[in-house]
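So the structure is just underneath, and the comments pick up after that.
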Amino acid sequence: MIKVAILGYGTVGSGVFEIIKENKDIINEKTDNEVEVKYVLDLRDFPGDPCENVLVHDYDVILNDPEVEVVVEVMGGLHPAYEFVKSALEAGKSACTSNKELVAKYGAELVNIAESHNRNFLFEAAVGGGIPIIRPLNMHITADAIQEIEGIMNGTTNYIMTKMAREGADFEEVLKEAQELGYAERDPSADVEGYDAVRKIAILASLATEKTVDFEKIYTEGITNITATDFKYAKAMDRSIKLIAKFKNEGDGYVASVSPRLIAKDHPLYNVNDVVNGILIKGNMVGDLVFIGSGAGKLPTASAVVSDVVDCIRHLNVSTTVIWNEEEYQLADFSQSKKKFFLRTTASKEEIEEVFGYVTYIDANVDGELGFVTAKLTEEEFSEKELAFGKTITRIRMED
Ligand code: HSE
């Protein structure tokens with residue numbers, strides 16, 4: 001019998017509890033063991049809920065119980081999640097988490113503590129919700145130099161962008177609807193400002209490089225400035241606008257960013273809609289691999305967490321292959337990254353061409369403004385020109 005403790009009985013925690021109960025036979029067979037949730041930790045009470053009999057309010061009960069082999073951290077936030085996971089690993093328990101904030105900030109340290117105790121710290125659900133992406137990166141795509149990781153890694157913003165594209169609605173309107181439906185948090189900034197996606201790309205980039213990519217050094221721009229009119233132009237270009245997280249070898253090193261991008265119809269991520277996430281990995285030998293699936297939501301996320309629980313139980317006294325060093329990975333300078341830019345402006349063609357030279361105009365039947373695409377420019381060149389120009393309504397990066 002293997003005893004598990006779940007820290008946090010929110011959306012994902014209750015999903016983990018439900019899956020371990022509902023899929024008991026499958027999980028027991030896969031682990032060749034009997035798996036039981038011995039404790040659920042939460043500050044709240046849940047009268048009448050199936051977790052009631054195993055609910056505790058004091059983490060020390062779990063930490064000091066040698067019967068607990070696996071701790072599942074699904075509380076979210078950095079503290080006390082970090083202290084709880086670290087102490088569990090130091091006490092010789094394995095730990096799994098869906099918490100990307102925790103993994104992006106302390107991943108390398110926790111992986112190495114786990115390893116030194118022959119235990120595991122696993123985090124399949126921290127990126128891409130239910131999509132298997134961490135395990136493939138760690139264990140399967142190991143014969144390649146990874147050239148690029150590119151993805152739609154935030155379900156909430158993808159839901160918002162999809163609605164804007166389909167219904168011609170504005171950002172604020174769709175955000176409100178998403179909040180009413182429970183897709184977006186009351187404080188949506190982590191999602192809409194790109195803070196969630198940047199942690200996810202930093203985690204994947206760290207695993208690809210086996211060093212630590214600091215999410216705070218990645219250029220991050222959210223979707224709050226995208227309007228219904230931008231989608232009219234996108235349609236006219238046969239493109240869509242998606243919040244894209246990228247880590248790419250651009251010749252002089254790997255550049256990372258999170259920003260809205262205009263992506264073309266033949267791009268593998270074009271049809272990734274609603275809360276679905278999609279992640280493209282380019283290896284120098286294997287070529288393009290695309291992973292698509294539910295990027296958020298109770299059961300998909302909990303399913304990925306429970307797959308980690310299964311892995312921990314299969315490898316009770318051995319550390320599996322997560323290689324992640326605390327040494328910082330040096331990203332190349334984003335300001336030298338080259339691409340085309342789409343701009344909307346109230347300026348005349350003469351004024352546009354005086355600053356940007358040859359451009360391609362986009363006709364989207366919008367009165368009182370012009371929309372155009374620049375030639376390929378570095379971020380730095382573009383910023384200088386835009387500053388001199390001074391008449392931009394919006395600007396969005398074009399995706400190759
Ligand atoms: N807020 C996140 C999203 C949850 O919308 O994708 C999953 O990480």
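Quick notes on this one:
- For the stretch 159-184 and the stretch 205-266, distance of Cα centres in Å: 20
- Net dipole in debye of the stretch 287-353 [+1 Lys, Arg Cβ; -1 Asp, Glu Cβ; about Cα centre; nearest 20]: 380
- Projecting the Cα positions of Cys51, Pro300, Phe372 onto the charge dipole of the chain (unit charges on Cβ atoms of Lys, Arg, Asp and Glu, taken about the Cα centre) puts Phe372 furthest along the positive direction.
- Between Val213, Ala108, Ala234, the Cα set farthest toward the positive side of the dipole of the chain (charges on each charged residue's Cβ, about the Cα centre) is that of Ala234.
- Restraint check, Lys105/Lys163; Lys3/Lys30; Lys200/Lys242; Lys339/Lys385; Lys217/Lys349; Lys86/Lys282, Cα-Cα greater than 26 Å: Lys105/Lys163; Lys217/Lys349; Lys86/Lys282
- Gyration tensor over alpha-carbon atoms, the chain, equivalent ellipsoid semi-axes in Å: 43, 23, 17
- The stretch 163-247 shape via C-alpha gyration tensor axes, a/c threshold 1.5: oblate
- Distance histogram in 10 Å bins (all Cα pairs of the stretch 74-138, percent per bin): 23, 56, 20, 0
- When +1 charges are put on Lys and Arg Cβ atoms and -1 charges on Asp and Glu Cβ atoms, the dipole computed for the chain relative to its Cα centre reaches about 820 debye.
- For the stretch 117-199, the list of trypsin sites (Lys or Arg not before Pro) that fall in a loop by DSSP and count at most 11 other C-beta atoms within 10 angstrom reads Arg186.
- For the chain, hydrophobic long helices are taken as DSSP H runs at least 20 Å long by C-alpha position along their axis with mean Kyte-Doolittle hydropathy of 0.5 or more; these are 195-209, 298-314.
- Sequence ranges 132-141, 343-352, 381-390, ranked by mean other-Cβ count within 10 angstrom, highest first: 132-141, 343-352, 381-390
- With only the Cα atoms considered, the stretch 286-400 has a convex hull volume of 213 Å³ per residue.
Laboratory data are not the source of any read-out in this text; all were calculated from the coordinates shown. None of these values were measured; they are calculated from a predicted model. For neighbour counting, all protein chains shown are included, and Cβ atoms are generated from backbone atoms with ideal geometry for every residue, glycine included.
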